[in-house]
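K.L.:
Before we start, here is the structure in question, set down as structure tokens.
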Amino acid sequence: MPAVSLATNIVRLLGQLQPAAPVQSLETYVVRFANMTSTTFDEVVVFYKRKFLPGVVYLNHIGLIPGEVTEFELGLCYLMESYVIGVFIGDDLVAQLPAAGTGNMTPESASGGPNRYRSMRR
């Protein structure tokens, strides 16, 4: 019987192993928002929901000037459920993405779905 090398046995063993569960991505879900107007926004807010976790979380940027871009890190990609962006001047909500009554943004719709909003994964 021919001798089989230790390396060959290890390769055979590893080839038989199956992962116990799918490995989740550790990429961070990031939303970029640019003020493409000539008006300073007093506040830009992102309200978001995460899978398997209760409640709604919000992050904000105060005083977004014309031409400025802000980033919101919403956590791990695989935990992201949905989000909405609100733009305020004073106490008035002057813009909402997606538009009121059309539902929340999801990772799928943000990454090339019919809404064509852009998001970024890190």
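The numbers here are math on the coordinates, done by the rules we state, and not lab data. From a predicted model like this one, the values you see are computed outputs, not experimental measurements. Quick reminder, even Gly has a Cβ in these numbers, built from the backbone with ideal geometry, and neighbours come from all protein chains shown.
K.L.:
If we keep just the residues of region 55-90 that are in contact (Cβ under 8 Å) with a residue 24 or more places away in the chain and of a type in the set (Val, Ile, Thr), which is nearest to Asn104 (Cα to Cα)?
P.N.:
As a first pass, look at region 55-90 and keep what is in contact (Cβ under 8 Å) with a residue 24 or more places away in the chain: 61, 64-90.
Imposing the further condition that a residue be of a type in the set (Val, Ile, Thr) reduces the set to 65, 69-70, 84-85, 87, 89.
Values: Ile65: 25, Val69: 22, Thr70: 20, Val84: 6, Ile85: 9, Val87: 15, Ile89: 22 Å.
Among those residues, the one meeting the criterion is Val84.
K.L.:
State whether one or more residues within region 39-52 are among the polar types (S, T, N, Q) and either assigned to a loop (DSSP other than H, G, I, E, B) or loosely packed, with under 12 Cβ neighbours inside 10 Å (or both).
P.N.:
Looking through region 39-52, at least one residue is among the polar types (S, T, N, Q) and either assigned to a loop (DSSP other than H, G, I, E, B) or loosely packed, with under 12 Cβ neighbours inside 10 Å (or both).
K.L.:
Would you point out the residue of region 76-102, among those that are among the hydrophobic types (A, V, I, L, M, F, W, C) and in a helix (DSSP H, G or I), that is nearest to Phe52 (Cα to Cα)? Give the steps one after another, and end with the answer.
P.N.:
From region 76-102, those among the hydrophobic types (A, V, I, L, M, F, W, C) are 76-77, 79-80, 84-85, 87-89, 93-95, 97, 99-100; that's our starting set.
So of that shortlist, the ones also in a helix (DSSP H, G or I) come out as 77, 79.
Numbers: Cys77: 13, Leu79: 7 Å.
Only one residue tops the list, namely Leu79.
K.L.:
What tally of residues in region 48-73 results from selecting those that are aliphatic (A, V, I, L, M), within 17 Å of the chain's Cα centre (by Cα) and more than 17 Å from Gly103 (Cβ to Cβ)?
P.N.:
So in region 48-73, the residues aliphatic (A, V, I, L, M) come out as 53, 56-57, 59, 62, 64-65, 69.
If we keep only those that are within 17 Å of the chain's Cα centre (by Cα) as well, we get 53, 56-57, 59, 69.
If we keep only those that are more than 17 Å from Gly103 (Cβ to Cβ) as well, we get 53, 57, 59, 69.
Final tally of qualifying residues: 4.
K.L.:
What are the residues in region 80-94 that are within 15 Å of Leu64 (Cα to Cα) and among the small types (Gly, Ala, Ser), if any?
P.N.:
Gly86, Gly90
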